[in-house]
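Taking it in order: structure first as structure tokens, then the write-up.
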Amino acid sequence: MENKIAVLSRDVANQIAAGEVVERPASILKELLENAIDAGADDLGVDLEQGGCKSIRVVDNGRGIAADEIGLAFQRHATSKIQSVDDIFHIVTYGFRGEALPSVASVARVEMTSRSRGALSGCRIVLDGGRIESQQDIGCPEGTVVKVTHIFDHVPARKKFLKSVSAEQAACMEMLVRIAMSQPAVRLIVTSNGREILRVPHTTDISERLALILGEDTSSHMIRIEGLKGEIRLHGLITRPDYSRANAKGYYFFINGRFVKDALISHAVMTGYRRVIAEKRYPVLVFFIEVPPEDVDVNVHPAKTEVRFRNPRDIYDCVVETIVAKLAVVPESERASYDAHREQTEVSYHQRVEEALKRYTLVTGGSRPTYAHRDERRPEPPLMGLWRDPVSRPEAESLPGGLPEQSLRFSTLAYLGQVGATYLIFSGGDKLVVMDQHAAHERILFEKIRSAAQKHAGFRQALLVPEVLSLSPAEYEQFIQSRDILADAGIDMEPFGGHSLVLKTVPGPLANLSPKQFLPDLVGEVLAGGKTASTLALKERLFAVMACKGAVKANHTLASEEVKALCAEMDNTPFNATCPHGRPVYLIYHQTDLEKLFKRT
Ligand code: ADP
Ligand code: MG
């Protein structure tokens with residue numbers, strides 16, 4: 001092939017550019033919603049078919065588009081929102097790049113009907129694969145209706161990347177949630193395949209809106225916060241430390257009304273919560289951060305979910321200080337030791353800030369975000385023993401079958417005692433065995449639940465008092481979609497009006513546990529599960545959550561009878577070398593290891 005240089009055709013250029021803005025149906029929905037709000041609409045209707053994969057329709061009551069401009073709206077870099085580069089630094093609208101409509105039109109079929117305020121009639125334009133198919137005047141109400149169909153029909157390579165309908169629907173719901181949170185004054189009604197799935201009325205009270213969007217279970221644990229640092233203003237709601245989730249998916253940050261993902265703010269949140277929340281647990285929070293528009297650059301990425309701050313350190317401090325001020329209620333009895341402690345932590349606090357800032361600069365330096373939770377603690381590799389390579393066997397599913405050390409029978413070991421109310425110490429001939437009681441019990445319960453589920457015998461146990469779960473509309477949809485998997489995992493749920501579900505059964509091995517203890521984490525797992533295709537994986541993860549909640553905790557003194565029972569169970573449990581999350585359950589030090597430690601060899 002001859003490599004001649006040639007300028008790409010307009011169609012190809014548009015399709016390539018579309019890749020940055022239009023990744024999946026949810027990104028189309030986002031652009032349409034933002035356009036509607038930029039047009040001053042306060043009443044939005046959204047209809048999705050097949051999670052947005054088949055069609056997306058957005059109806060607004062905004063100011064509309066004049067008939068002689070409607071074709072222009074679909075030209076690249078055509079926008080009514082800015083005129084010069086300087087305007088980018090005073091942006092008050094979501095859009096300004098003039099890219100969304102041409103991008104969407106290049107990868108789908110778009111029908112737009114619009115009538116500007118006061119105009120005598122409206123107009124209608126149809127585009128397919130970027131070409132105008134028809135354009136005419138038409139009678140219609142004021143406002144704009146955009147319908148997008150045949151998404152990615154012209155770009156099969158992209159179509160292949162679409163996930164399941166339920167995953168795409170979940171992504172659309174997430175977009176709707178973000179818009180609904182940031183625009184409490186906008187009424188929003190959403191249907192999916194003709195069924196209404198969300199209705200939020202106008203309001204001026206953000207808590208009222210959050211209760212509708214996040215569900216009662218979550219919002220009832222939330223408190224208002226407010227903070228000020230220089231010209232930065234932070235307000236919003238956060239969960240009290242007694243409520244937490246297993247992942248950080250409940251973080252919603254809005255900078256001047258725009259939803260952003262930001263590693264720096266996430267880090268600041270964890271710093272603020274560090275003293276009051278357990279390790280690897282995360283709050284739910286909604287932050288509205290107002291900064292002078294000239295202090296934030298929103299033009300970092302076409303999808304605009306990343307921003308760059310002029311003074312990242314002030315943002316960081318504002319977030320940490322606001323959270324700490326709200327949560328750090330120190331009981332009088334601990335005041336003295338707290339103050340003594342503070343001097344030390346002050347230093348490390350500043351170190352952490354420095355570290356976060358360094359990382360942040362890296363992140364926004366142009367490459368993709370590479371932020372990873374540095375605090376994530378890998379288990380210290382033992383000197384010897386079963387846990388040889390934490391990297392190659394992180395998943396319970398990928399473990400080789402069978403018991404790793406057949407000769408090790410826990411019931412024959414001599415129990416020596418407990419260390420830190422967490423680790424059980426045994427001796428057995430020439431071995432010293434250290435067992436993590438929580439990890440061990442977790443694996444035992446996990447295998448029990450899994451085998452009970454396979455046999456179905458006595459698996460499902462009806463709850464005496466069914467538990468009602470008040471979910472957010474988005475969570476509710478996920479649950480309905482995942483209902484079969486949940487039922488398979490022993491959890492029978494039925495719709496209970498609104499966005500509530502009633503929990504009727506739990507897996508037998510967990511019958512003595514209050515559902516309250518594991519439901520929040522189960523919710524988190526189901527929501528995360530929407531993104532993975534394999535149902536088996538989700539089911540196993542549900543078992544893992546339940547096993548973890550049902551297992552005896554660390555920092556819990558065990559009687560020797562209990563240790564004995566645990567050992568007997570361990571002997572009958574396959575894969576007992578690791579917990580369901582892949583952490584080691586026990587370490588073995590052979591006499592030769594001890595000899596090395598004592599420098600005898
Ligand atoms: P941008 O939003 O970045 O300006 P878009 O391609 O999304 O670019 O839209 C192009 C233009 O079309 C907008 O600047 C706006 O004038 C007009 N427009 C798009 N959608 C609507 C709508 N729902 N109501 C009124 N005007 C709209
Ligand atoms: Mg736009």
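Report yes if Thr592 is over 27 Å from the mean Cα position of the chain (by Cα), among the polar types (S, T, N, Q) and open to solvent by 40 Å² or more (accessible area, probe 1.4 Å), otherwise no. Considered against the rule, which asks whether it is over 27 Å from the mean Cα position of the chain (by Cα), among the polar types (S, T, N, Q) and open to solvent by 40 Å² or more (accessible area, probe 1.4 Å), Thr592 comes out as yes. Candidates in region 559-570 are the residues that are in contact (Cβ under 8 Å) with a residue 40 or more places away in the chain and over 12 Å from His441 (Cα atoms); of these, the one that is least open to solvent (accessible area, probe 1.4 Å) is Ser560. The residue pairs whose first member lies in region 409-429 and is closer than 15 Å to Val585 by Cβ, whose second member is open to solvent by less than 50 Å² (accessible area, probe 1.4 Å) and among the charged types (D, E, K, R), and whose beta carbons are closer than 7 Å, counting only pairs six or more residues apart or on different chains, are Arg409/Asp571; Phe410/Asp571; Thr422/Asp436; Tyr423/Asp436. Note on region 448-474: residues that are under 18 Å from Asn512 (Cβ atoms), among the charged types (D, E, K, R) and crowded, with 20+ Cβ neighbours inside 10 Å total 1.
Among the residues of region 434-458, those that are out of contact with any Ser or Thr (no Cβ under 9 Å at 6 or more places or on another chain) and outside any helix (DSSP H, G or I) comprise Val434, Met435, His456, Ala457, Gly458. Where strands (runs of 3 or more DSSP E) fall wholly inside region 38-145, the ranges with 1 or more residues that are within 13 Å of ligand 1 (Cβ to nearest atom) are 43-49, 55-60, 109-115, 122-128.
Screening Arg117, Arg76 for residues that are open to solvent by 50 Å² or more (accessible area, probe 1.4 Å), away from ligand 2 (no atom under 16 Å from the Cβ) and over 28 Å from the mean Cα position of the chain (by Cα) leaves exactly one candidate, Arg117. Got at least one residue in region 158-175 being open to solvent by 60 Å² or more (accessible area, probe 1.4 Å) and among the aromatic types (Phe, Trp, Tyr)? Yes. Would you confirm whether any residue within region 401-411 is in a loop (DSSP other than H, G, I, E, B), modelled with pLDDT of 50 or more and among the acidic types (Asp, Glu)? No, that holds for no residue. For first residues located in region 128-143 and closer than 20 Å to Asp60 by Cβ, partners that are of a type in the set (Asp, Glu) and surrounded by 12 or more Cβ atoms within 10 Å (Cβ to Cβ) and lie 6+ apart or on another chain with Cβ distances below 9 Å form the pairs Gly143/Asp43; Gly143/Asp60. Scanning region 82-104 for residues that are over 22 Å from Gly130 (Cβ atoms) and within 10 Å of ligand 2 (Cβ to nearest atom) yields Thr93, Tyr94. Taken together, the residues in region 268-285 that are more than 18 Å from Lys229 (Cα to Cα) and either modelled with pLDDT of 85 or more or of a type in the set (Lys, Arg) (or both) amount to 10. Would you call Arg63 more than 33 Å from the chain's Cα centre (by Cα) and within 28 Å of Pro292 (Cα to Cα)? It is true that Arg63 is more than 33 Å from the chain's Cα centre (by Cα) and within 28 Å of Pro292 (Cα to Cα). For region 35-62, the set of residues classified as within 14 Å of ligand 2 (Cβ to nearest atom) and on the phi < 0 side of the Ramachandran plot consists of Asn35, Ala36, Ile37, Asp38, Ala39, Ala41, Val58, Asp60, Gly62, listed by residue number. Of the residues making up region 475-499, those that are touching a Phe, Trp or Tyr at 6+ places or on another chain (Cβ under 8 Å), open to solvent by less than 30 Å² (accessible area, probe 1.4 Å) and over 18 Å from Leu464 (Cα atoms) number 2. Of the residues screened, Thr218 is not one that is among the hydroxyl-bearing types (Ser, Thr, Tyr) and surrounded by fewer than 20 Cβ atoms within 10 Å (Cβ to Cβ).
Within the option set Leu237, Leu228, being modelled with pLDDT of 90 or more and either over 29 Å from Val58 (Cβ atoms) or open to solvent by 30 Å² or more (accessible area, probe 1.4 Å) (or both) holds for one residue only, Leu228.
Screening His90 on (1) under 27 Å from Gly236 (Cα atoms); (2) within 28 Å of the chain's Cα centre (by Cα); (3) touching a residue at least 60 places away in the same chain (Cβ under 8 Å) shows it passes everything except condition (2).
The values are calculated or read from the model by the stated rules, or taken from the named source; none is laboratory data. None of these values were measured; they are calculated from a predicted model. Glycine also receives a Cβ, built like all others from the backbone with ideal geometry; neighbour counts cover every protein chain displayed. Calculation scope for accessible area: heavy atoms of the full protein, side chains included, ligands and nucleic acids excluded. Shrake-Rupley method; radii C 1.70, N 1.55, O 1.52, S 1.80 Å.
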